[in-house]
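A.B. asks: Encoded as structure tokens, here's the structure I'll be asking about.
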Amino acid sequence: MKEIKHHLSEALLMAYSAGTLPEAFNLLVATHISMCDECRVRLEAFDTVGGALLDDAADNTSNVDFNATLRLIEGGPKDPIRFEHAKGVLPSVLQEYVGGDVDSVKWRSVGMGVRQAILKTSKEASVRLLHIPAGCAVPDHGHRGTELTLVLQGAFRDEEDRFDRGDVEIATEDLEHTPVAEPGEDCICLAATDAPLRFRSLIPRIAQPFLRI
Ligand code: ZN
Ligand code: ZN
């Protein structure tokens, strides 16, 4: 596997550690962490700081129930994510959501050869799998909020850079881009958004309410 070049931001790791991200973002962050040694180490540092803060609270307050605090620490943060050599295309964190690997995904066409499958999560944000045929483009669009795109197979390129398996692109309101799958292999991505995308060309904009993108 190629070295991962595009990682999660500090802000995302911190929010994940604190448990304040919407489920859709949590899933994407957890999937990247299961693929990336570097971010897993950075996350452990945040988890340790979080635990130390709870310890401090226990030391400084005389009438605190220390055992309750311990229980909170033990029961609080999620299970540590272990590194897994993918046995398929989807890392196992994701396979639990899908109910299997890519062959279990219920794809729906979104036009121009691109297919998607929206995964069931809580409503504040949404997360989908995207299948982009080699050499094909996703319609260019802007973003009202934040869009995270994690590559699971193949690679794509846009105005910003090239993104390979394991890489995360973090797109915010000021980015308008046209992701294009690199030739040679179909690109499969996991994309999480906290607001609907703004499409520039008319047809995707009309289709948008129906496609829920
Ligand atoms: Zn990383
Ligand atoms: Zn985008």
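No lab work stands behind these numbers, since they all come straight from the coordinates. Because the structure is a prediction, the values reported are computed rather than measured. Positions of Cβ are generated from backbone atoms using ideal geometry, with glycine treated the same way; all protein chains shown enter the neighbour counts.
A.B. asks: According to a simple spin-label model (label point 7 Å from Cα along Cα-to-Cβ), what is the distance in nm between ALA45 and ASP186?
C.D. replies: With each label placed 7 Å out from Cα toward Cβ, I get 3.9 nm.
A.B. asks: Shifting gears a bit: Please list, in chain and number order, the residues 5+ apart from HIS6 or on another chain whose amide H is under 5 Å from its amide H, with Hs placed from the backbone.
C.D. replies: VAL168
A.B. asks: Tell me, what HN-Hα J-couplings in whole Hz come from the Karplus equation 6.51 cos²θ - 1.76 cosθ + 1.60 at θ = phi - 60° for each residue of segment 159-167, using x for Gly and Pro?
C.D. replies: Whole-Hz 3J(HN,Hα) from phi for segment 159-167: 4, 8, 5, 9, 10, 9, 3, x, 6.
A.B. asks: Given 0.36 nm per residue, what is the gain on full extension from THR178 to LYS120 after removing their alpha carbon distance, in nm?
C.D. replies: Values: separation 58, 0.36 × 58 = 20.88 nm, distance 2.59 nm.
Computed gain between THR178 and LYS120 is 18.3 nm.
A.B. asks: Per residue of segment 121-134, in order, report the coupling 6.51 cos²θ - 1.76 cosθ + 1.60 (Karplus, θ = phi - 60°) as ³J(HN,Hα) in whole Hz, putting x for Gly and Pro.
C.D. replies: Result, ordered by residue: 9, 5, 7, 4, 8, 10, 9, 9, 8, 10, 10, 10, x, 3 Hz.
A.B. asks: Something else now. Once amide H atoms are placed 1.01 Å from N in the peptide plane, what residues at a sequence separation of 5 or more from ALA125, or on another chain, have their amide H within under 5 Å of its amide H?
C.D. replies: Hits under the 5 Å cutoff: ALA24.
A.B. asks: Using modelled amide H (1.01 Å from N, peptide plane; none on Pro or chain starts), what sits under 5 Å from the amide H of HIS177, excluding residues fewer than 5 places away?
C.D. replies: So HIS177 has HN proximity to HIS141.
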